[in-house]
Amino acid sequence: MDDGLESQLDATRQENVSRILDAAERLFRHFGYSKTNVADIARDLGMSPANIYRFFASKAEIHQAICGRMLAASYEQAQAICRLPLSPTERLRQYIRAQHQMTVEVMLDDQKVHEMVVIAMERDWHVIDKHIDRLHALVAEVIREGILAGEFPDQDADAASRCFGAATVILCHPQMVAQCLSKENRATPDELIEFAIKALKN
């Protein structure tokens, strides 16, 4: 196949995939994931369900792709913060604050989005594990820079990153955030962040 034609077909396919995901996300947000089916998505796009199945094997696969897009946005934000011209300590502080804010604003403010996130986490999709691994790698690199700068003592940066994530997971895990957001007998986000950073320095 001619390279130009192949490239055009790939672009057309990607455009169709994006249209399907945009429509599905809009319907999931409006009606909820459980109340939306493939026929609804097809109807919204003016195409047949069979055409949807040319690109996605099931509604769950569409959902997984949408979650992948949401996680990509989260990663891009984290990557940008971890590359800021700030001290490693301040970058970690801003990173967790931003992750917490995104969880509250994007995933919890809209109950329908929260439903999508909960279902994805219950199904333990590989996209979520991959996302967590990528975030751990970002944080580990910042910790290594902190060790070289003398802000943190010498330690296994990969293990420290995983522990830092575990110590602050309550600020980024949608279900945990939803349960603890209005509780007065829980540590505040800033208290947890400072606790985790102090642990890196001891």
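Of the residues I66, I52, which single one is touching a Phe, Trp or Tyr at 6+ places or on another chain (Cβ under 9 Å) and surrounded by 13 or more Cβ atoms within 10 Å (Cβ to Cβ)?
On the way: I52 fails: touching a Phe, Trp or Tyr at 6+ places or on another chain (Cβ under 9 Å).
It is I66.
Against the definition (under 21 Å from S87 (Cβ atoms), out of contact with any His (no Cβ under 6 Å at 6 or more places or on another chain) and either of a type in the set (S, T, N, Q) or surrounded by fewer than 18 Cβ atoms within 10 Å (Cβ to Cβ) (or both)), how does E194 come out, yes or no?
So E194 passes the test.
Go through region 8-49 and give me each residue that's over 19 Å from the mean Cα position of the chain (by Cα), polar (S, T, N, Q) and open to solvent by 20 Å² or more (accessible area, probe 1.4 Å).
Q8, T12, Q14, N16, S34, N37, S48
Run E191 past the list (1) over 13 Å from the mean Cα position of the chain (by Cα); (2) under 14 Å from A78 (Cβ atoms) and report the number of the one that doesn't hold.
(2)
Give all pairs with beta carbons closer than 9 Å in which a residue from region 18-37 that is of a type in the set (S, T, Y) meets a residue that is open to solvent by 80 Å² or more (accessible area, probe 1.4 Å); count only pairs at least 6 apart in sequence or on separate chains.
Within 9 Å, the pairs are T36/H30.
Across region 181-191, what is the number of residues that are open to solvent by less than 60 Å² (accessible area, probe 1.4 Å) and assigned to a helix (DSSP H, G or I)?
Matching residues across region 181-191 total 1.
Does at least one position in region 121-139 carry a residue that is within 27 Å of N202 (Cα to Cα), part of a loop (DSSP other than H, G, I, E, B), open to solvent by less than 70 Å² (accessible area, probe 1.4 Å) and of a type in the set (V, I, T)?
At the first step, the residues of region 121-139 found to be within 27 Å of N202 (Cα to Cα) are 132-139.
Checking which are part of a loop (DSSP other than H, G, I, E, B) leaves us with none.
No, there is no match, as no residue in region 121-139 is within 27 Å of N202 (Cα to Cα), part of a loop (DSSP other than H, G, I, E, B), open to solvent by less than 70 Å² (accessible area, probe 1.4 Å) and of a type in the set (V, I, T).
Take region 160-180 and flag every residue that is part of a helix (DSSP H, G or I), open to solvent by 40 Å² or more (accessible area, probe 1.4 Å) and farther than 17 Å from I143 by Cα.
Passing the criteria: V169, I170, Q175, M176, A178, Q179.
Could you check, for region 100-107, whether at least one of its residues is open to solvent by 50 Å² or more (accessible area, probe 1.4 Å), of a type in the set (S, T, N, Q) and more than 24 Å from L84 (Cβ to Cβ)?
Within region 100-107, none of the residues are open to solvent by 50 Å² or more (accessible area, probe 1.4 Å), of a type in the set (S, T, N, Q) and more than 24 Å from L84 (Cβ to Cβ).
Test of understanding: among R91, R144, R134, R162, which residue is of a type outside the set (S, T, Y), at pLDDT 90 or above and closer than 30 Å to A24 by Cα?
Being of a type outside the set (S, T, Y), at pLDDT 90 or above and closer than 30 Å to A24 by Cα holds for just one of R91, R144, R134, R162, which is R134.
Only residues that are free of Cβ contacts under 8 Å to residues at least 24 places away in the same chain, open to solvent by 30 Å² or more (accessible area, probe 1.4 Å) and in contact with a helix residue (DSSP H, G or I) (Cβ under 8 Å, 6 or more places away or on another chain): list them for region 140-154, please.
R144, I147, D154
The values are calculated or read from the model by the stated rules, or taken from the named source; none is laboratory data. Values in this document were obtained by computation on a predicted structure and should not be read as measured data. For neighbour counting, all protein chains shown are included, and Cβ atoms are generated from backbone atoms with ideal geometry for every residue, glycine included. Ligands, DNA and RNA are excluded from the accessible area calculation, which covers all protein heavy atoms including side chains. Shrake-Rupley method; radii C 1.70, N 1.55, O 1.52, S 1.80 Å.
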